[in-house]
Amino acid sequence: FQLGGHPAFNVPFFANEDFEDYYIAFEQDEELFRHHINEEGFFDGRKTFFLDNANCFALEKELFNDDALIFKDLKSRSVAIKSGNHQHAVEMNFEGFPYFGIWTKPGAPYVCLEPWMGCADSVGEPVEMSAKEKIIALEPGEEFNPHYTIRIL
């Protein structure tokens, strides 16, 4: 099996703010590559450098013109949506999720924080379920205990 979360949070938090007043903050400095998907939802082989040894980036609507920001190599186990205008934030802690997506629909007043246990196939490479990237198989009686928590600050 594979699984993931797709919780969405209003951004901006308050009516007198703009989407661009917000940023994404990681608990650690990250050197990240963004993995791209095509219009059909398959990884298309494109990988672009996204973050250079930093722990945050500004939210800009244009970031999502090419769909979700998908990271396969995140060191952080905590991500937050914050604003430079106030101390309110949404923080997600996640354990056991190797991938992370950040997404919004163009023009929508929300941002999704998405811990993932797996991901889509690549273009032209449909894979048998048991061989999918990061597939999880449990034997009878085995337990699997990943989790994520959301804090509203």
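Selection within region 1-59: residues that are out of contact with any Gly (no Cβ under 8 Å at 6 or more places or on another chain) and of a type in the set (Gly, Ala, Ser). The member of this set that is most open to solvent (accessible area, probe 1.4 Å) is 15.
Looking only at residues in region 69-98 that are assigned to a loop (DSSP other than H, G, I, E, B) and of a type in the set (S, T, N, Q), which one is nearest to the chain's Cα centre (by Cα)?
Of all residues in region 69-98, those assigned to a loop (DSSP other than H, G, I, E, B) come to 72-77, 84-88, 96-98.
Still in the list and also of a type in the set (S, T, N, Q): 76, 85, 87.
Working: 76: 11, 85: 23, 87: 22 Å.
Per the criteria, the residue is 76.
Kindly evaluate residue 130 against the criterion of being more than 30 Å from residue 89 (Cβ to Cβ), out of contact with any Pro (no Cβ under 7 Å at 6 or more places or on another chain) and either open to solvent by less than 80 Å² (accessible area, probe 1.4 Å) or at pLDDT 80 or above (or both). No: the conditions fail for residue 130.
Check region 108-126 and report whether any residue there is surrounded by 11 or more Cβ atoms within 10 Å (Cβ to Cβ), closer than 25 Å to residue 15 by Cα and without any contact (Cβ under 8 Å) to a residue 40 or more places away in the chain.
From region 108-126, those surrounded by 11 or more Cβ atoms within 10 Å (Cβ to Cβ) are 108-123; that's our starting set.
Adding the requirement that they be closer than 25 Å to residue 15 by Cα leaves 108-114.
Remaining after also requiring without any contact (Cβ under 8 Å) to a residue 40 or more places away in the chain: 108.
Scanning region 108-126 turns up at least one residue that is surrounded by 11 or more Cβ atoms within 10 Å (Cβ to Cβ), closer than 25 Å to residue 15 by Cα and without any contact (Cβ under 8 Å) to a residue 40 or more places away in the chain.
Select from region 13-28 the residues that are of a type in the set (Asp, Glu) and without any contact (Cβ under 8 Å) to a residue 40 or more places away in the chain and list them in ascending order. Break it down into steps so the answer makes sense when it comes.
Filtering region 13-28 down to residues of a type in the set (Asp, Glu) leaves 17-18, 20-21, 27.
Matches in region 13-28: 18 only.
Restricting to region 133-152, count the residues that are of a type in the set (Phe, Trp, Tyr) and either in a strand (DSSP E or B) or loosely packed, with under 10 Cβ neighbours inside 10 Å (or both). Qualifying residue count for the region: 1. If only residues of region 36-68 that are of a type in the set (Gly, Ala, Ser) and in a loop (DSSP other than H, G, I, E, B) are counted, the one that is modelled with the highest pLDDT is 68.
Quick test of your reading of the structure: residue 46 fulfils all but one of (1) touching a residue at least 12 places away in the same chain (Cβ under 8 Å); (2) basic (Lys, Arg); (3) farther than 30 Å from residue 143 by Cβ; (4) touching a His at 6+ places or on another chain (Cβ under 6 Å). Name the failing condition by number. Unmet condition: (1).
The values are calculated or read from the model by the stated rules, or taken from the named source; none is laboratory data. This one's a predicted model, so the numbers in the text were calculated from it and none came from an experiment. No Cβ is skipped: glycine too gets one built from the backbone with ideal geometry, and neighbour counts run over all protein chains shown. With ligands, DNA and RNA removed, areas are computed over all heavy atoms of the protein, side chains included. Shrake-Rupley method; radii C 1.70, N 1.55, O 1.52, S 1.80 Å.
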